[in-house]
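One structure is given here, and the rest of the page talks about it.
Each value in this text was obtained by applying a stated rule to the coordinates, not by laboratory testing. Here the structure is a predicted model, which means the values were calculated and not measured. Cβ sites come from the backbone with ideal geometry, for glycine too, and all protein chains shown count toward neighbours.
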Amino acid sequence: MTNDEQRKRSKEQDDYSAGSIQVLEGLEAVRKRPAMYIGDVGVRGLHHLVYEVVDNSIDEALAGYCTQIDVTINEDNSVTVVDNGRGIPVEMHEKEKRSALEVVMTVLHAGGKFDKDSYKVSGGLHGVGVSCVNALSSRMTVDVMRQGKKWSQTYERGKPLAPVTQTGDSDGSGTITTFMPDDTIFQTLDFKFDILAARLRELAFLNKGIMLTLTDRREEAENGNGNGPMTEQFYSERGLIEFVEYLDVNRERLTEGVIYINYDKGETPVELALQYNTSFSENVHSYVNNINTIEGGTHLAGFRRGLTRTLKKYAEDSGQTSKLKFDINGDDFREGLTSVISCKVAEPQFEGQTKTKLGNSEVMGSVDVAVSTALSNYLEENPKDAKVIVQKVILAATARHAARKARELVQRKNVLSGSGLPGKLADCADRNPAVSEIFIVEGDSAGGTAKQGRDRRFQAILPLRGKILNVEKAMQHKIFDNEEIKNIYTALGVSIGTDDDSKALNISGLRYAKVIIMTDADVDGSHITTLIMTFFFRYMKELIENGNIYIATPPLYLVKKGKAEKYCWDDEELNAAVQEMGQGKESSVAIQRYKGLGEMNAEQLWSTTMNPETRTLRQITIDSAAEADHIFSMLMGDEVPPRREFIEKHAKYANIDA
Ligand code: 0RA
């Protein structure tokens, strides 16, 4: 090396480190307060890392350069995302004096800045960019294939170990990102196949024509079938149409097929698919730039407005509603409606508690126009479908009038709080909701044991008699008329109707911070849990979103030897306990299989299932609203085969993390 070369090299390294220092300040902030960037450092945040990386590849696909995205959970629980796009640019970045790749990976919000013509359409919930993933990974490597060459850079906790280096030649182009989440930041590093699968399936539906795959190379997954790693492909030819078909897999549709609207003449491109079915619930899922806007926003408001006005006008013009003795309102147009709406917004403003409510006011008009234009055309061209939709709307309005009376009972009862509590409720002494919990228990006998076993200072018991109503199949007035359901409303202190919405759930009077579903650990018990959860999902979703709903986990076995006792929650624990207790000594080990809560005495129920010090509660969360919708309609609907298939697939886990 000549002196000149040496000087140059050394200068390069100086520049390199200088650049890195400035960068580190940015990424250090991410490491200090990770929750601010990715929501939390639990299961959700962990999976969010994958979404963030995948979203960049989706953007490349939406730009028209990428057709395939492969996600692999590696044996060591790191994750690799491979795409066949153009590859992240590696050229020198003029201003930063470093490779563009390094800038993308180490500067906050740097993603996509090179391409002025294309805005970032896809985006993680917080749109934080891949540099956040890098900051929160103990190790990350990016390989780029571009222009016949292969380039690579590796980072530890966001710091590049060396400048971007050329590592060889390449045939095609693309980007390979592998990262290991930092175990000093995340509470868990255990990626869940089903959670990632739900998101990739959603992305496949939202972005038709992209092939996405998910592969699990971990040992547990391979043991599943002995056929090597578990792989699932997600690909949708017909996009949102197939999405709606998937959501309605077990509902009976009213129209000939899914109504599909793709309107890109306005300022905001809008894609929409909808179908009416014979059910009574509204299942509208909305997305902005591939983000599920669970809190709704202006696009959803525009959709509702356009839908209501267009259908109302059609119904009136066709004379079908002229004999009605009562009004038809907006809700009536959405009963039995399943729909997915997907908008692309250049500069989305997200508001609300979870930043999933679209605030851009101009979008409302765009969506309204899109829906009105396309839907009125559709109704003119498909009079048969139009007629059944209008009839369905009339039926909904009729039922609403019947339901109002029943619902008012629920409303009135709650006004008389205190005195109006159900007779079956064994309330707790403490009136402070923050420390109070309620167990919803199946059957009077288990309810009796729970009443004896509880700590009455802060634990309330509400026994339900037998199976609760399947809300997926019942009409609304039946639901609000049902004794058990009315008891749940009054016991919880939750009512229907707020100042600005007569149908909205009012949870301000919630009397318990924890609402715990406690049923037998057998097939019947899990069916009842599913029924109760379906009710919460359809009628008290806010409580799930608020983190109030839990499932108790009673033990399955008691292993006994002399005076020694050990409770076990699965077969693995049972085998271990039998081994351990059976060692050496003569006397035999007895195994008691608990089928019902009633088989435990009060003390056993307390110590295994109710005592906050020793119990395990499973909090119910909604990772994917669309996936939960699909699962509940499948589990609770009429058709048996898909239900059996699901239960067989998940029987090993015997639970639903919807
Ligand atoms: C901006 C410009 C170009 C590619 C990309 C972004 C890109 C980013 C990611 C992230 C994951 N996979 C990706 N693939 C591509 C290319 C610009 C050009 O080639 O002229």
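Laid out as a table, the results:
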| item | result |
| --- | --- |
| For segment 329-342, 3J(HN,Hα) per residue [Karplus equation, 6.51 cos²θ - 1.76 cosθ + 1.60, θ = phi - 60°, Hz, x = Gly/Pro] | 10, x, 4, 5, 7, 10, 6, x, 9, 10, 8, 10, 10, 10 |
| Two-site label geometry, Ser361 and Thr621: point separation in nm, points 7 Å out along Cα→Cβ | 3.6 |
| When each of Lys451/Lys563; Lys424/Lys478; Lys424/Lys561; Lys355/Lys478; Lys265/Lys312; Lys344/Lys387 is checked by Cα-Cα distance, pairs over 29 Å | Lys424/Lys561; Lys355/Lys478; Lys344/Lys387 |
| For the chain, share of DSSP beta bridges that run antiparallel, in % to the nearest 5 | 70 |
| Gain in span if fully extended, Tyr65 to Lys192, counting 0.36 nm per residue against the direct Cα distance | 42.8 nm |
| Theoretical ellipticity at 222 nm over the chain - DSSP helices of four or more residues, -39500 (n - 2.57) apiece, nearest 500 | -12000 deg cm²/dmol |
| Nonlocal amide H pairs with Ala460, under 5 Å, H built at 1.01 Å | Cys428, Glu437, Ile438, Phe439 |
| Top positive-direction residue, dipole computed over the chain with Cβ charges, set Gly365, Ser445, Thr215 | Ser445 |
| Segment 457-462 - phi-based ³J(HN,Hα) in whole Hz, Karplus 6.51/-1.76/1.60, Gly and Pro as x | 5, 10, 10, 9, 10, 10 |
| Amide H contacts under 5 Å for Ser137, placed H, 5+ residues apart | Arg157, Gly158, Asp182 |
| Long-range HN-HN contacts of Gln592 with modeled amide H, under 5 Å | Leu558, Val559, Lys560 |
| Karplus 3J(HN,Hα) series, Hz, for segment 94-107 with 6.51 cos²θ - 1.76 cosθ + 1.60 (x for Gly, Pro) | 3, 6, 7, 6, 9, 4, 4, 4, 5, 5, 4, 7, 10, 10 |
| DSSP-defined beta bridges in segment 505-637 - what % are antiparallel, rounded to 5 | 80 |
